[in-house]
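Have a look at the structure below, then the notes.
The values are calculated or read from the model by the stated rules, or taken from the named source; none is laboratory data. Just so it is clear, the model here is predicted, and its values are computed rather than measured. Here Cβ is always computed from backbone atoms with ideal geometry, including for glycine, and neighbour counts include all displayed protein chains. In case anyone asks, the SASA skips ligands and DNA or RNA and just uses the protein heavy atoms, side chains included. Shrake-Rupley method; radii C 1.70, N 1.55, O 1.52, S 1.80 Å.
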Amino acid sequence: KAGVTQTPRYLIKTRGQQVTLSCSPISGHRSVSWYQQTPGQGLQFLFEYFSETQRNKGNFPGRFSGRQFSNSRSEMNVSTLELGDSALYLCASSDGTANTEAFFGQGTRLTVV
Amino acid sequence: AQSVTQLGSHVSVSEGALVLLRCNYSSSVPPYLFWYVQYPNQGLQLLLKYTSAATLVKGINGFEAEFKKSETSFHLTKPSAHMSDAAEYFCAVSDGRTGNKLVFGAGTILRVKS
């Protein structure tokens with residue numbers, strides 16, 4: 001079956017702009033999690049959505065938000081972009097039961113200039 | 001709060017040599033532990049996971065890991081390194097109570113010398 005699809009793969013934005021990233025999970029998966037990966041901070045959990053509801057949230061400012069649609073596709077939005085938001089944003093999908101395998105997409109590389 | 005410490009940000013081995021990547025965790029509840037691998041410009045791929053069924057866990061590509069509660073460790077090993085094993089490896093922990101939130105270690109870059 002098809003894997004996790006993240007679009008776009010690469011983005012360049014200017015400080016102060018906003019950006020929306022998209023993630024299509026594996027068919028049948030109802031949980032989508034988002035992670036930020038940077039050289040300095042490593043992999044950090046942003047939030048998890050399950051059946052259109054945010055189930056978990058990491059320690060990121062309110063500029064980072066997300067949502068999930070009825071088909072389980074998820075979007076992540078970052079408003080008022082800062083240079084420090086430059087990162088690889090990874091989406092992971094799973095069936096939502098505790099501690100099952102999370103399948104990761106290839107990520108969206110966001111560069112803020 | 002849970003945390004993971006990976007000892008050694010870089011590990012270099014010769015092709016055919018033993019691979020040992022170290023991971024220690026901290027968790028107030030019985031943990032679920034994972035090892036993921038990441039190749040350049042790619043997402044993460046699960047190598048193996050520990051979910052309390054057995055302390056020695058076998059994964060893909062010849063990797064295995066042993067859960068040692070007394071040492072709070074979950075080290076990753078492979079008897080014989082291959083050039084294709086060169087990548088970054090991440091250990092992660094989940095407490096099983098907060099959905100699928102994973103807490104990752106800082107990662108270890110494995111270099112394999114010919």
Among the listed residues B:A81, B:A53, which satisfies the condition of being away from chain A (no Cβ under 14 Å), in a loop (DSSP other than H, G, I, E, B) and hydrophobic (A, V, I, L, M, F, W, C)? B:A81
Of all residues in segment B:84-113, which are at the interface with another protein chain (Cβ under 8 Å from one of its Cβ atoms), β-branched (V, I, T) and surrounded by fewer than 19 Cβ atoms within 10 Å (Cβ to Cβ)? B:T98
One residue is enough: does segment B:5-18 have a residue meeting the conditions open to solvent by less than 50 Å² (accessible area, probe 1.4 Å) and among the hydroxyl-bearing types (S, T, Y)? no
Within segment A:51-61, can one find any residue that is surrounded by 22 or more Cβ atoms within 10 Å (Cβ to Cβ), of a type in the set (D, E) and either within 19 Å of A:T14 (Cβ to Cβ) or without any contact (Cβ under 8 Å) to a residue 24 or more places away in the chain (or both)? no
Given the conditions (1) without any contact (Cβ under 8 Å) to a residue 40 or more places away in the chain; (2) closer than 22 Å to A:A98 by Cβ; (3) among the aliphatic types (A, V, I, L, M), every one holds for B:A92 apart from (1)
Looking at this structure, is B:K58 in contact with a strand residue (DSSP E or B) (Cβ under 7 Å, 6 or more places away or on another chain) and open to solvent by 70 Å² or more (accessible area, probe 1.4 Å)? yes
Residue list for segment B:40-55, restricted to those being among the small types (G, A, S) and surrounded by fewer than 12 Cβ atoms within 10 Å (Cβ to Cβ): B:A53, B:A54
I need the full set of residues from segment A:9-24 which are more than 10 Å from A:S72 (Cα to Cα) and part of a strand (DSSP E or B), in order please. A:Y10, A:L11, A:I12, A:K13, A:V19, A:T20, A:L21, A:S22
Return the pairs, sorted by first residue and then second, in which the second residue is open to solvent by 70 Å² or more (accessible area, probe 1.4 Å) and of a type in the set (A, V, I, L, M), the first residue lies in segment B:16-45 and is facing chain A (nearest Cβ under 10 Å) and touching a residue at least 40 places away in the same chain (Cβ under 8 Å), the beta carbons are less than 8 Å apart, and the residues are 6+ apart or on different chains. none
Limited to segment B:26-50, what total is found for residues that are under 20 Å from A:V4 (Cβ atoms) and part of a strand (DSSP E or B)? 11
Residues that are farther than 16 Å from A:R73 by Cα, under 13 Å from the mean Cα position of the chain (by Cα) and free of Cβ contacts under 8 Å to residues at least 24 places away in the same chain, drawn from segment A:25-50: A:Q44, A:F45
Are any residues in segment A:27-53 over 14 Å from A:S93 (Cα atoms), more than 9 Å from chain B (Cβ to nearest Cβ) and not in a loop (DSSP other than H, G, I, E, B), and if so, which ones? A:Q36, A:T38, A:T53
Which is assigned to a strand (DSSP E or B), touching a His at 6+ places or on another chain (Cβ under 8 Å) and not polar (S, T, N, Q), of B:C91, B:C23? B:C23
